[in-house]
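Provided herewith is a single structure, encoded as structure tokens, for subsequent inquiry.
The numbers here are math on the coordinates, done by the rules we state, and not lab data. Note that the structure is a prediction, hence the values are computed from the model and not measured. As a convention, Cβ positions derive from the backbone with ideal geometry for all residues, glycine included, and neighbour counts pool all protein chains shown.
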Amino acid sequence: MSAAPRSPGRLARLLDSDIAYSFLHSPVALPSALVALLCIGGALLAPWIAPHDPFDLAGLNLLDAFTPPVFMPEGRLGFLLGTDDQGRDLLSTIMHGARISLLVGFSAVLFAMTLGVAIGLLAGYVGGSLDAVLMRIADIKLTFPTILIALLIDGVVRAALPRELHDRVALPVVIFSIGFANWVQFARTVRGSTLVEKNKEYVQAARVIGLHPLRIMASHVLPNVLGPVLVIATLNLGFAILAEATLSFLGVGVPPTQPSLGTLIRIGNDFLFSGEWWITVFPGLALVTMVLSINLLGDWLRDALNPKLR
Amino acid sequence: MTHAEAPTAASPTASPPAPPLAEAIGLRRDFDVSRPLLARLVAGEGRRRLRAVDEVSFAIARGETLALVGESGCGKSTVAKLMVGLYPPTGGRIRFDGAELGALASRRAQAAYRRRLQMIFQDPYASLNPRWRVRDIIAEPIRAFGLLPDRAAQRARVAELLTQVGLAPADGEKYPHEFSGGQRQRISIARALASAPEFLVCDEPTSALDVSVQAQILNLMKELQRQFGLTYLFISHNLAVVRHMADRLGVMYLGRIVEIGPAETVFATPRHPYTRLLLEALPDLEMTGRARTPVGGEVPNPIDPPPGCTFHPRCPLANARCRAERPELARHGTVEVACHAVEEGRLAEGAALPVAPAAGA
Amino acid sequence: MPLLEVQELRVEFPTRRGVLTALDGVSFAIEAGEVLGVVGESGAGKSLTGAAVIGLLEPPGRVAGGQILLDGRRIDGLPYEQMRRIRGREIGAIFQDPLTTLNPLYTVGQQLAETMLTHLPVNPAEARRRAIRWLEDVGIPGAAQRIDAYPHEFSGGMRQRVVIALALCAEPRLVIADEPTTALDVSIQAQIITLLKGLCREHGTAIMLITHDMGVIAETADRVAVMYAGRIAEIGPVRDVIKHARHPYTVGLMGSIPSLSARVERLAQIDGAMPRLAAIPPGCAFHPRCGHAFARCKSERPELMDAGGSSRAACWLHAADSASAMVAGAPREARPGDARPGDARPGAARQGVADDAR
């Protein structure tokens, strides 16, 4: 209500917004955001802050293998969460593994989002038979479970490519498989919002000017349908990380040279019943914490952006 | 284009034989209202079409305001959208300044005409992109038509437009949600004026506004018309607003024009029974405590319109001919009326209408 | 004793940015069988007043002061169950959208009968017989057959007729009609208003008619209250308010309505817009837009005072002690070129309009 000629900057407006208020006053949002940030920060900065480099073969000592966590009688201060069968520090391995998991998760969501938003915009804005065809494809896609599609794509790639290429393309293939499995939700949401927005008069105004449909979609419709996309993306990030972990656990995900959290859990699984439970439990806990905090954040975002629930 | 005046501002007292600026000739528009294919197949029914606009013709002279009035579903908004090219017509032609709009093949040729006709919308809360700053909203037509390549010139033009519609140049930095409904409508008008158009299609521009704000906007629109020699096609359901704005008036009922002529004449001596009943139905401030006989019945379903004259189920003058034969527009002095009763002189001019038939759903 | 008396009603909405006062010191009365029109522009608080009277304020809105008396009995702050019995039996309600009142899952006959069974000493057969008569009374053709139809089988105008029957069937003494014709076409509007007025006259029911449409008020109401920024600016007999408005806001409002009978080149206009609830100016809420505002208007809030005729206006121009000041000299600090109440204001299209959002 000031008489300032300029409206306040984006940051000031953000801090003053209902979203910011809801964020600061929600019992869930702030803690889960902190935990998620901690997980993501730890993962991203792993090469610099991890106590050991688990991939430095020279630094490995087999004598350190199967060291239990520090709070157990035989624990050692240098290995907070203990070590695995090769003598690698578990905390450092988890941090590096989370990095791979996050990389795959983010990339997969980004891919699914791009594909889904594009298809949804096109189907919603153009309508007619293109809409019908695209949405029927989406329906068919929905009848296949995510993991099945990912396994299928992985299988095809494995069969088609020579052995030595596998490891190099393994990461992109996983990202593609998970992303491709998740675009439908984006497409449907965006299509729905687009159908609403395209009948609004600001879109008609742009059409009266004679702008190209692609330009109208990109500059008018897209910015106004991104709200719900953000929510789905956040929620999907959790699913994507889990999907990657599942694939890796099944042994078809990322190559063992770049172990993700799923790989770590699978490796540790072999020792679960021989007493070295920490090798699988700690990566599992890390996975649960990360996915849970991201999902809680997504749930909060969905509620905060939905005026009907407030 | 930094100057405000439109390139060809005609004086409002132009001599009558001047060719009309905008013209609709036998305009027709159908909508497909069929159910989805699968449902149609199951029910064994065919496609269903709704004729929203049927054989609508009118001409608007330069600097003039033609108003179309009618109740919801009469097709007046569809006519507005046809005129600016938001819908392609199913039949008929639209002529603008002598050129036929449907026949323009190239994008470039179309753009030359699009620049000259713009639209003002009904809902000020939906007509501005909420994510854009006001200055970008107003500058959009300027950029789209490449009128001012220079950013500084664009900015100056936006500031000028904002001033013209009664806002401050600094308001360009804000977002639409920071404005009230009336101010948003001013922004909408500024955007419509940005490409210095000659013809503005106004689709219920004040029906979402409060009366005091409506007065501001109507005054502004009249002032801008005078200043730039604008030509308006003014769509409204509000007869009082139309009376204030219109030079010529067309009354629409179920997709057709039933009466069209100089506004003063139509208001002073309405001929078509529907026009009379509509004027009769309108509450006026002068009518405190007055009792009156309202129009009976309701607008029929346009998917399944009555045969003959579509107004006959509600018309106190209807006879067998009205139920069977559709009346065409016929000239009576300066006014054209589509009504058998008027044509046959069944009702003396100025005589009161008999009481409307009982309300039938 | 008036049928309904509202005294110093104050409605507040607590928000995280502080408490917004949506209605402030609203006082009026409705006599039995009277039609009181309540007009105002969006955000003036007219619908809120109606909602407060029938106890249907949307939370977090709350009555924070004053009282509402029905037949001398306080009805604000009653427990939900008691208020529910008053609604329907003693106060009926008609809203803009008939679909919000009608339950889509029951036939109109069932809904009418249930209302009567709840509030009146009738048996089911009698309730059905009366339901048919009500449908006939509100002009639904073939009422005996249509009684078993569902709301969606009626057109918009016919649905609003059903809603009127529903509001009146328990024979309440007051009906609150909130924009009852706004969603309807002009020709249907006239039918509904005529019907509502006729039925209420027949049954001696008072109406609180809330609308933004001055034409509807002019034709229907006995008295009218003009609201501005959560307060009543002027209240009086409808003819006085329309023909001889006393409050500068009412004067502007009347002048801004295009007339069917006379065409003017330019409509009178009030510059600016109604203030938002969070920024209601001190003193008279209208003073920043008022051509007659003087020092007192900016600091001291005017209450409703006698303004000549039977009208009362909340305006210092009509105060006994400032009248002499008005006669002695020109209204202080009035902008040059501004007209006195009753005149249209020419010019001034541009000034001030940019300021109202701030």
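Between C:Ala262 and B:Arg331, with labels modelled 7 Å along Cα→Cβ, what's the label distance in nm to one decimal, could you check?
According to this spin-label approximation, the distance is 3.6 nm.
Step through the table entries C:Lys243/C:Lys298; B:Lys76/C:Lys197; B:Lys174/C:Lys298; A:Lys200/C:Lys46; A:Lys200/B:Lys174, compare each Cα-Cα distance with 25 Å, and write down the pairs that go over it.
C:Lys243/C:Lys298; B:Lys76/C:Lys197; B:Lys174/C:Lys298; A:Lys200/C:Lys46
Relative contact order of chain C: what whole-number percent is it, with Cα pairs under 8 angstrom and at least 6 residues apart?
The normalised contact order for chain C reaches 18 percent.
Output the relative contact order of chain A, whole-number percent, from Cα pairs under 8 angstrom with separation of 6+ residues.
Reported relative contact order: 22 percent.
Equivalent-ellipsoid semi-axes (√(5λ), Cα gyration tensor) for the stretch C:99-157, whole Å, largest first?
Rounded to whole Å, the semi-axes are 18, 14, 9.
Loop only by DSSP, 13 or fewer other Cβ within 10 Å of the Cβ. Give me the GluC sites (Glu not before Pro) in the stretch C:58-133 that pass, ordered by residue number.
Passing both the DSSP loop test and the Cβ count: no residue.
What's the FRET efficiency of A:Ala20 with A:Val288 using the Cβ-Cβ distance as r and R₀ = 25 Å, to the nearest 0.05?
0.30
Among A:Ala240, A:Leu230, C:Leu3, which residue has its Cα positioned farthest towards the positive end of the charge dipole of the protein assembly as shown, with +1 placed on the Cβ of Lys and Arg, -1 on the Cβ of Asp and Glu, and the dipole taken about the Cα centre?
Farthest towards the positive end: A:Leu230.
A further question on this structure: Once both labels are modelled 7 Å past Cα along the beta-carbon direction, what's the B:Ser72-B:Arg28 spacing in nm?
Inter-label distance under the simple model: 2.8 nm.
Now a separate question. Roughly what % antiparallel, to the nearest 5, for the DSSP beta bridges in the stretch C:4-221?
The antiparallel proportion sits near 55 percent.
For an R0 of 60 angstrom, estimate the FRET efficiency from the Cβ-Cβ distance between A:Ile140 and C:Asp306 and round to the nearest 0.05.
About 0.20, to the nearest 0.05.
Would you report the distance distribution of C-alpha pairs in chain C as whole percents per 10 angstrom bin, up to the bin with the largest distance?
With 10 Å bins starting at 0, P(r) equals 5, 23, 30, 23, 13, 5, 1, 0.
Which value, to two decimals, describes the C-alpha radius of gyration of the stretch C:101-243 once divided by 2.2 N^0.38 Å?
1.13
Now for a separate question. With N denoting the number of residues in the stretch A:33-77, provide Rg(C-alpha) divided by 2.2 N^0.38 Å, to two decimal places.
1.48
Treating the Cα atoms of the protein assembly as shown as identical point scatterers in vacuum, please give the log10 of the normalised Debye intensity I(q)/I(0) at q = 0.07 Å⁻¹, two decimals.
Summing over Cα pairs of the protein assembly as shown leads to -0.78.
Connecting C-alpha atoms closer than 10 Å in a GNM of chain A, tell me which of A:Ala123, A:Ala181, A:Ala58 has the biggest fluctuation.
A:Ala58
For chain C, set up a Gaussian network in which alpha carbons nearer than 10 Å are linked by springs, and say which option among C:Arg128, C:Arg276, C:Arg263 fluctuates the most.
Its mean-square fluctuation being the largest, the pick is C:Arg263.
For the stretch A:257-266, what does the Karplus curve 6.51 cos²θ - 1.76 cosθ + 1.60, with θ = phi - 60°, yield as ³J(HN,Hα) per residue in whole Hz, taken in order and with x for Gly and Pro?
Per residue, the Karplus-derived 3J(HN,Hα) values read 5, 10, x, 9, 4, x, 4, 4, 5, 5 Hz.
Put one equal scatterer on each alpha carbon of chain A, apply the Debye formula with no solvent term, and list log10 I(q)/I(0) at q = 0.08 1/Å to two decimals.
Per q value, in the given order, log10 I(q)/I(0) is -0.47.
Let me ask you something else. May I ask you to evaluate 6.51 cos²θ - 1.76 cosθ + 1.60, the Karplus curve with θ = phi - 60°, for each residue of the stretch B:145-162 and list the ³J(HN,Hα) values in order in whole Hz, giving x for glycine and proline?
With coefficients 6.51, -1.76 and 1.60, one gets 8, x, 6, 9, x, 7, 4, 4, 5, 4, 4, 4, 5, 4, 4, 5, 5, 4 Hz.
Taking H as built 1.01 Å from N, whose amide H comes closer than 5 Å to the amide H of C:Val35, not counting residues under 5 places away?
Correct list: C:Ile207, C:Asp222, C:Arg223.
A further question on this structure: For chain C, what is the mean residue ellipticity at 222 nm derived from helices alone (per DSSP H run of n ≥ 4: -39500 (n - 2.57); sum divided by total residues; nearest 500 deg cm²/dmol)?
Counting only the DSSP helices, I get -9500 deg cm²/dmol.
Within the P(r) computed for the stretch C:228-324, what percentage of the Cα pairs occupies the region above 21 Å?
34 percent
With a cut-off of 8 Å between alpha carbons and a minimum separation of six or more residues, what is the relative contact order of chain B in percent?
Answer for chain B is 19 percent.
How many times 2.2 N^0.38 Å is the alpha carbon radius of gyration of chain B?
Rounded to two decimals, the normalised Rg is 1.06.
On to the next question. Pick from C:His152, C:His318, C:His292: which is most flexible by mean-square fluctuation in a GNM of chain C where alpha carbon atoms under 10 Å apart are linked?
Fluctuation is largest for C:His152.
To continue, here is another question. Using a Förster radius of 30 Å, what is the FRET efficiency between C:Leu120 and C:Glu8 based on their Cβ-Cβ separation? Nearest 0.05, please.
The calculated FRET efficiency here is 0.30.
Mind checking the dipole of the protein assembly as shown: about its Cα centre, +1 per Lys or Arg Cβ, -1 per Asp or Glu Cβ, Debye to the nearest 20?
With only Lys, Arg, Asp and Glu charged at Cβ, the dipole is about 1560 debye.
Here's a follow-up. Taking the Cα atoms of the stretch C:10-93, report the difference between the largest and smallest coordinate on each principal axis, in whole Å and largest first.
41, 30, 20
Say a paramagnetic label sat at a point 7 Å from the Cα of A:Phe271, along Cα to Cβ; which residues of the stretch A:59-83 have their backbone N under 12 Å from it?
Counting only backbone N, you get A:62-69, A:81-83.
Now for a different question. Quick check for me: using +1 on Lys/Arg Cβ and -1 on Asp/Glu Cβ, what's the dipole size of chain B about its Cα centre, in debye to the nearest 20?
Once rounded to the nearest 20, the dipole reads 960 debye.
Also: Ordered by residue, what ³J(HN,Hα) values in Hz, to whole numbers, does the stretch C:157-169 give under the Karplus form 6.51 cos²θ - 1.76 cosθ + 1.60, where θ = phi - 60° and Gly and Pro are x?
Computed from phi, the couplings for the stretch C:157-169 are x, 5, 4, 5, 5, 4, 4, 5, 4, 5, 6, 9, 5 Hz.
Let me ask something else about it. Which value in deg cm²/dmol, rounded to the nearest 500, describes the helix-derived mean residue ellipticity at 222 nm for chain B, given -39,500 (n - 2.57) per DSSP H run of n ≥ 4 and division by the residue count?
That calculation yields -9000 deg cm²/dmol at 222 nm.
Could I ask something else about it? Considering only A:Phe66, A:His52, A:Gly116, whose Cα is most displaced toward the positive end of the charge dipole of the stretch A:37-144, charges sitting on Cβ of Lys, Arg (+1) and Asp, Glu (-1)?
A:Gly116
Hey, can you grab everything whose amide H is under 5 Å from the amide H of B:Arg49? Only 5+ residues off in sequence or another chain; H modelled, so Pro and N-termini drop out.
Amide H to amide H, under 5 Å and 5 or more residues apart or across chains, B:Arg49 pairs with B:Val33.
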